[in-house]
Amino acid sequence: MQNKNKEDNLSRMLYEAALLYYEHQFSQQQIAERLGVSRPGVSRLLQKAREQGIVKIEIIDPHMQGAILENGLKEKFGLKSAVVIPNNDDDDKTIKSRLAIAAVKFLNHIIQDGTVLGVSWGTSLQAVSLALPKKKFREMTVVQLNGGISRAEYDTHASEIVRRFGERLSAIPFMLPLPAVVDRAELKQTITSDKNIARTLTLAEKATVALFTIGSFDHHSALVKADYFDSTEVDRLLQKGAVGDICSRIISRDGSISSTELNERTLGISLKALQEKPWSVAIAGGREKLEAIRAALAGNYFNTLITDELVAKELIEN
């Protein structure tokens, strides 16, 4: 029994060391302090994790598949930048993890002291926030781009994401403790007239870097799970051609706003403001997001796309 406990403890330590190093980009010294072992001990743990198959390292030639697809996306859609991660029909969790790591690496190249970073919410952005290593920036701000308080038990993680970005980047967080959509346009006008909320919305509009996901729109989308729409409303929007959402704004196949009336009740950054940012970065992957990504490209709502190989190929070839 004692030997089994030792094996279990070692397995957990190997997994935690590997997770912190490869997924969350902790240094070996940081891992040593966290696990209470020496730095050489961390190196041995990582080596053993590879030997036992806990870690499988995949080497991608940067001059081959990924780079070709990235260049193809930039040329076809006039993007400023593109990042393509591997996808061999992997599960959703694996794709999101890879997208998150790619987004963190990309952010490291474009954010700096004084950056105003705007972020949306959802599982993809939550994965990015969890993958962020701790870095110190001076006079940096992170602001929530759209309302995210759920009307149901569904957790959007909106405030948690902004708070974690702030902690990891030593940035001042500005949250938007509001629903994504309200019942009447007049109510939205009343809410946004509050000086504190108006300041946060203005800050979102002025953000130099915006990081957001593209959601597919159907009866199972995050906005529906958060109880913003009932089945009848979803059916009506689908009949109008709705296929996706960006920062809670519902878009149709041609990239246009699906419902002007709904758009006037939505709290958050405008899609026009996203078009005008120096860095407007969309993170979205998986076949189920393909139609929504096409629509967002048609609307020119971002200048940088972080996606996977299967989606990139479809976008380029069709």
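Does the range 251-267 hold any residues that are in a strand (DSSP E or B) and surrounded by fewer than 24 Cβ atoms within 10 Å (Cβ to Cβ), and which are they? Residues satisfying the conditions are 252, 257.
Go through the range 208-248 and report how many residues are touching a residue at least 24 places away in the same chain (Cβ under 8 Å) and outside any loop (DSSP other than H, G, I, E, B). So the count comes out to 17.
Filtered by the rule that a residue be of a type in the set (A, V, I, L, M) and either at pLDDT below 95 or outside the structural domain of residue 81 (by TED's automatic domain parsing) (or both), the range 199-223 gives 222, 223. Across the range 151-201, the qualifying residues are those that are touching a residue at least 12 places away in the same chain (Cβ under 8 Å) and polar (S, T, N, Q), and the one among them that is nearest to residue 138 (Cα to Cα) is 170. If you go through the range 268-289 and keep only what is more than 22 Å from residue 128 (Cα to Cα) and not in a helix (DSSP H, G or I), you end up with 270, 276.
Within the range 42-62, one or more residues are closer than 30 Å to residue 208 by Cα and outside any helix (DSSP H, G or I).
Determine whether residue 188 is in contact with a Lys or Arg (Cβ under 7 Å, 6 or more places away or on another chain) and part of a helix (DSSP H, G or I). When the stated conditions are applied, residue 188 passes them. Annotation: residue 229 fulfils all but one of (1) in contact with a Leu (Cβ under 7 Å, 6 or more places away or on another chain); (2) closer than 14 Å to residue 271 by Cβ; the unmet one is (2).
Residues that are at pLDDT below 95 and loosely packed, with under 14 Cβ neighbours inside 10 Å number at least 1 in none of the strands (runs of 3 or more DSSP E) confined to the range 63-168.
Does the range 197-207 hold any residues that are within 21 Å of the chain's Cα centre (by Cα) and part of a helix (DSSP H, G or I), and which are they? Within the range 197-207, 200, 201, 203, 204, 205, 206 qualify. Test residue 226 against the criterion of being at pLDDT below 95 and among the hydrophobic types (A, V, I, L, M, F, W, C), and give yes or no. Spelling it out, residue 226 is indeed at pLDDT below 95 and among the hydrophobic types (A, V, I, L, M, F, W, C).
The residue that is nearest to residue 102 (Cα to Cα), among those in the range 301-318 that are surrounded by fewer than 24 Cβ atoms within 10 Å (Cβ to Cβ) and touching a Pro at 6+ places or on another chain (Cβ under 9 Å), is 309.
The values are calculated or read from the model by the stated rules, or taken from the named source; none is laboratory data. Every value quoted in this text rests on a predicted model; they were computed, and no experiment measured them. Cβ coordinates were reconstructed from backbone atoms using ideal geometry, including for glycine residues, and neighbour counts include every protein chain displayed.
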